[in-house]
Structures are given as C-alpha cells and as structure tokens.
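Down below is the structure, laid out as structure tokens.
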There are 2 protein chains.
Amino acid sequence: MRETIAEGFRLLQDDICGQLEAEDGSGRFKEDVWERPGGGGGRTRVIVDGAMIEKGGVNFSAVHGILSPTIQKALELPAPDFFATGVSIVIHPKSPHVPIIHMNVRYFEAGERWWFGGGIDLTPHYVVPEQARFFHERMKATCDHHNASYYPRFKLWADDYFYITHRKETRGVGGIFFDRLGPETAECKAVHRFVMDVGNTFAPTYRHLMGMDRHLPHTEAERQWQLLRRGRYVEFNLVYDRGTKFGLETDGRIESILMSLPALAAWEYDFRPAPGSREEETQSWLQKGVEWC
Amino acid sequence: MRETIAEGFRLLQDDICGQLEAEDGSGRFKEDVWERPGGGGGRTRVIVDGAMIEKGGVNFSAVHGILSPTIQKALELPAPDFFATGVSIVIHPKSPHVPIIHMNVRYFEAGERWWFGGGIDLTPHYVVPEQARFFHERMKATCDHHNASYYPRFKLWADDYFYITHRKETRGVGGIFFDRLGPETAECKAVHRFVMDVGNTFAPTYRHLMGMDRHLPHTEAERQWQLLRRGRYVEFNLVYDRGTKFGLETDGRIESILMSLPALAAWEYDFRPAPGSREEETQSWLQKGVEWC
C-alpha cells in the first residue's frame, strides 16, 4: 500500500507542476532530488519569477525512520517508527489580485496505525466574495462526492486550523482541512480515493482563480498591502503550521520546508487600512465561520 | 523596589530614544502608550524611515497579573502572580553595512521570587571582524566592571540562545545574554546596577557602530543579501525568541511584540553565496564559539 500511495503522490506532483507551468506561461520548475539521512527522500520543485507566479513550491516526499521519544510525544504519535509521504504546495503569485494558495495531501504510518491528512486553503490578498465562493464550491463538490459530512466538518476544521491566534484573524478565506483520517473514517482505499480527489481538484481550481483577475493592474499601495499579507503568512507558517513544526523538529530538509515562505514580505508597525477601503473590507472577512456556500 | 526599577527603565528608554534620534539625524520616534487589560501597560516607541534607521523600536513596559496554570508551567514560573518590567530594542538600519542590534533588560517577579534578565546581541549583514571585536570588547568591559565571570558566562549563553537550530547557524556575532539572575547571583541592588550598566552601554556602543560604515555605498545584490539576513532574523524571532513567545502566550500587545520584525525581508530557495564572496565569509562566521576578545 505504501508504495502505491507514494507513487500516486509522485504522479500528482508531476501533473500539478505541468498544469501550473501551462497556466503561468513562462515559469519553469527547477527540481532538487534529495535523500533524508534517517531514511527516504523527496523531490522539491520550485518555480521562481514566472509570468504570474513570483515564488512557488510543489514538493513530494516519502520519508521513514525512528523518532526520539521526545519528538514522538510532541507529535502525539502512537509509535516511534514512522512512514510519511505527501505533496505540499504553496504558490505566491506576483499580482495582489491573485490569491495565495496552499495544498497538502499526506499519508502517515506510525507502528501499526495509518491515516491520511491534508487540505487546501486560499489566502487572497484582497478578498473577492465571488472568488471565495467559487473556491469553496469546488471544495464542497469534491467532498460531497465522497461523504456529505466531509465539507461541513473539514471547512470548520480549516477555519480553526488556519487561524492566526495572536492576530485574531484567519489566514485567508479558509477551505478544507482534515487529519488522522484512519480506519474509523473508512477503509484505506476509500480514504485514499478521497485524498487523491482533493489533490486532483487543486490544479483546475487554482488555474481558474489565476485566470480571474490576472490582467487587473495594481498600484504601489496594493503591492505593499500584498507584502503585509505575506508577512501574516510568514507568521502563521513559522508560529503555528504543524507541517513546518514537524519538519523543523525531525530535522527535515530545511529548504524544502521553508519553500512556503514568500520571496518578499513586509511588516509595518500598527498598520491600519483606511476606513471604507478594500483593505479594510478584506480584514473584515478574515474571521471564522463565514459560510461561502 | 519595583517602582524604582521600572522608573529606571523608563528613563533608560528616554535616554536611548534621544541618542538614537541624534545619531540618525532625521528620524523621530512615534510613541504609543497602552494599557494591558490584565494589569499594567507600556510605552511603545517606533522609528520608521529615518536617515539611517529603516525601522526600529524601543519599548518600555511594566505589566502584572495572574497567569493560567498552563502558561505558568510553559514559562516555568514558580508562581502564577507576576510582575515584569523591561526595555526591549531592535533596530533595523537601512544600510547593509550597518548591523542590526537587539537589546533587552528586564526585571521579573513571580510570587516571592525576583530575578533580572537581558542581553545585547549584534547581527551584522556583513560580518566585519573589527566591528564584532569592538562590540564584544564593549560588552566585556561592562561585565568586567561587575564580575570577571560574567562576560565568559554570558557570552557563551548568547551563543547558545541566539542560535537558529534549523539553519545550524547563529543569528549574528552574538554578544551577552543572561536570565534568572536572582538572589543566588548577588543582592538585588547589585544585579540592578549591572543590568542598568548593560542598558546604558547600548546607546554609545551602537552609535559608534552606526558611524563606522554609514557612508559606504551598496549594490542591489548587497541589499538583497540584507533582506535575506533579515529573513533569518524573522525566523529566529518567530520560532525561538522567548520574549516573543512570552508575549504571544500571555496575549500581549501584538504590535509591540512584533515591532522587532523588519520593514522588508526576503527568502530565496536554497540561496548559496558565491565562493570567496563576502556573503560566504559572513556565513562562515555564523557559528558558536568564536572568541572576539
């Protein structure tokens, strides 16, 4: 099973990279193949300075080994011997009018236990309700195809997970997030099919979003707002993101883990958007519990 | 005693802000006075876009309250009722040839226990040995005035504390760091005098460093290197810095806590300096155990 799942993820990475290159038009992924000293390895693919994508990464990895008792406890794993494979994506577009997107699908084994996790979430620099609605409808359709309870559960889970507690705001407009989907959810093949469907939903969904406002011009002030929103993205990833923590704590390949960070980010002390501005409107959307569909 | 110590820190903040404005030439601090809902408050002072300083903060706070058992445990405090006062500084200069600097001096009470902590550390974008040597000599002179064992101990402590584990490099050329200097170190007044001396060493030391290479021109590539080094600074502060963690976990005033982040920072996937370049030389200095004096 391990090998089938890993191979599926490898092909998913190939497909997504091809589709992103096609949509971008000029950027090309650069690949680094790496091995993990403790066992396994991966293929990190990074695209920089494309026509639309400023910086993006589509990573595949399949790693295994034995964790120290401290790390096992910190990660709440039932056993120290583990196998993990997955695809992780973060895309930072050049235009403030095109949203940042993140996707992760993963399969995990620890001792005798197995489970899947993953999700897709959208971080628009400017929240455009019709864009957020389109995105959530795509997520819901993918979920509903498997189980009508998935979207409501996983949408709530994303609201809670992609939350920047110290800012009291969500990272973006959410999406779906799920973890530890094991035998109590469904048999392995059924969960696998669901997770692959999530993976396969990513490229067409993001291509559509890339196309929506790609030709809209932007001002310097809108670019600065984009850099500030990216600053929040950095805060989330370094302070809260579990994948990042897992990577840092298991001494993972640091350049692959931190490929999620943007090329450029900004911080302004106590920045407050002008009343009635699109920036203020965006901030008002960054909360849990918005029903997009 | 509390009030005397807090008042000393307040005056220290005033003095340092005055000296930094004088050295910068055109930038002026903007002050926000705030209150903490749980007790106490502070004066946050931020300088932006000065002649030399791109972004900097000099914060004073004196806060008190009762911590939840979880946070008390996480912070390893002997009691839930606490009082904390201190001055915290981070300065990000415009020129890549002028180093970033950080200082903190603080006094803490939890239940019946009291202690001081603090330190100063230097993060040059380009390590210049004579600059690092000057800085460490100033730190050593301040320490030696109080106890010959301080500098060697606190220099080692800074090497360990200002370490970016996941990058396997120090944040900069270190400096001094100390924590939990309580009754077993010396009587309260003696430790207080030492900590105030550290605080008073900051401004003349940094003014000297600001003056050293301020008129050196820089290239676009040197600016980009500066932004990458700032990226590492962000990584340290969000992943490891105890002051930041304490602030985030005690629901502190977020804009004051994160004033340490630079106006602009960059990340490049797997950036490697050219062999023999000044960037590569700088990287070779970013390790523990360098004896600067």
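Evaluate region A:197-216: report whether one residue or more is touching a Ser or Thr at 6+ places or on another chain (Cβ under 8 Å) and crowded, with 20+ Cβ neighbours inside 10 Å. Yes, that holds for at least one residue.
Screening region A:218-233 for residues that are over 30 Å from B:Ile164 (Cβ atoms) and of a type outside the set (Val, Ile, Thr) and picking the one that is nearest to the other protein chains (Cβ to nearest Cβ) gives A:Glu220.
For (1) modelled with pLDDT under 95; (2) basic (Lys, Arg), each residue gets a yes or a no:
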| site | (1), (2) |
| --- | --- |
| B:Ile5 | no, no |
| B:Lys30 | no, yes |
| B:Arg36 | yes, yes |
| B:Gly50 | no, no |
| B:Gly56 | no, no |
| B:Asn59 | no, no |
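Restricting attention to region A:44-88, the residues being more than 14 Å from chain B (Cβ to nearest Cβ), buried (at least 19 other Cβ atoms within 10 Å of the Cβ) and either closer than 25 Å to A:Arg214 by Cβ or within 20 Å of the chain's Cα centre (by Cα) (or both) number 9. Find all pairs meeting these conditions: Cβ atoms under 6 angstrom apart; at least six residues apart or on different chains; first residue within region B:102-126 and within 22 Å of B:Glu235 (Cα to Cα); second residue at pLDDT 95 or above and polar (S, T, N, Q). Going by the 6 Å Cβ cut-off, the qualifying pairs are B:Asn104/B:Ser88; B:Gly118/B:Asn104; B:His125/B:Gln226; B:Tyr126/B:Thr282. Only one entry of A:Phe177, A:Phe236, A:Phe246 meets the criterion of being more than 9 Å from every other protein chain (Cβ to nearest Cβ), out of contact with any helix residue (DSSP H, G or I) (no Cβ under 8 Å at 6 or more places or on another chain) and within 28 Å of A:Trp285 (Cα to Cα), and that entry is A:Phe236. The set of residues in region A:249-264 that are farther than 23 Å from A:Gly38 by Cα and either away from chain B (no Cβ under 14 Å) or aliphatic (A, V, I, L, M) (or both) comprises A:Leu261, A:Ala263, A:Leu264.
Has region A:210-217 got any residue that is more than 9 Å from chain B (Cβ to nearest Cβ), small (Gly, Ala, Ser) and more than 19 Å from the chain's Cα centre (by Cα)? Looking through region A:210-217, at least one residue is more than 9 Å from chain B (Cβ to nearest Cβ), small (Gly, Ala, Ser) and more than 19 Å from the chain's Cα centre (by Cα).
Here B:His92 fulfils each of the conditions (1) over 15 Å from B:Ala110 (Cα atoms); (2) touching a residue at least 24 places away in the same chain (Cβ under 8 Å); (3) part of a helix (DSSP H, G or I) apart from (3). Return yes when A:Thr142 is within 19 Å of A:Ala190 (Cβ to Cβ), within 17 Å of the chain's Cα centre (by Cα) and among the β-branched types (Val, Ile, Thr) and no when it is not. When the stated conditions are applied, A:Thr142 passes them. Residues in region B:156-186 that are within 16 Å of B:Asp197 (Cα to Cα) and either modelled with pLDDT of 95 or more or touching a Leu at 6+ places or on another chain (Cβ under 8 Å) (or both): B:Gly175, B:Ile176, B:Phe177, B:Phe178, B:Asp179, B:Leu181. Counting only residues that are without any contact (Cβ under 8 Å) to a residue 40 or more places away in the chain, assigned to a strand (DSSP E or B) and polar (S, T, N, Q), region B:9-67 holds 0 of them.
For region A:152-173, filtered to residues that are of a type in the set (A, V, I, L, M, F, W, C) and surrounded by fewer than 23 Cβ atoms within 10 Å (Cβ to Cβ), the residue that is farthest from A:Met139 (Cα to Cα) is A:Ile164.
Of all residues in region B:265-282, those satisfying the criterion of being more than 14 Å from chain A (Cβ to nearest Cβ) and closer than 20 Å to B:Pro99 by Cβ are B:Pro273, B:Ser277, B:Arg278, B:Glu279, B:Glu280, B:Glu281, B:Thr282.
Taking the conditions exactly as written (within 14 Å of chain A (Cβ to nearest Cβ) and either farther than 30 Å from A:Glu54 by Cβ or part of a loop (DSSP other than H, G, I, E, B) (or both)), does B:Asp197 satisfy them or not? So B:Asp197 fails the test. For B:Thr123, the requirement of being within 14 Å of the chain's Cα centre (by Cα) and polar (S, T, N, Q) is met.
Among the residues of region A:272-293, just one is of a type in the set (A, V, I, L, M, F, W, C) and outside any loop (DSSP other than H, G, I, E, B), namely A:Trp285. Consider region A:32-42 and keep the residues that are surrounded by 12 or more Cβ atoms within 10 Å (Cβ to Cβ) and within 14 Å of another protein chain (Cβ to nearest Cβ). The one that is nearest to A:Ser61 (Cα to Cα) is A:Gly42.
Taking (1) under 26 Å from B:Val46 (Cα atoms); (2) more than 9 Å from chain B (Cβ to nearest Cβ); (3) without any contact (Cβ under 8 Å) to a residue 60 or more places away in the chain; (4) crowded, with 18+ Cβ neighbours inside 10 Å in turn, A:Asp241 satisfies each apart from (1).
Taking every residue in region A:245-274 that is farther than 24 Å from A:Glu222 by Cα and pairing it with any residue that is of a type in the set (Asp, Glu), at least 6 positions away or on another chain, the pairs with Cβ-Cβ distances below 7 Å are A:Glu255/B:Asp270.
The values are calculated or read from the model by the stated rules, or taken from the named source; none is laboratory data. Keep in mind that what you see is a predicted model, and the values were worked out from it rather than measured. Here the Cβ is made from the backbone with ideal geometry for all residues, glycine too, and neighbour counts use every protein chain on show.
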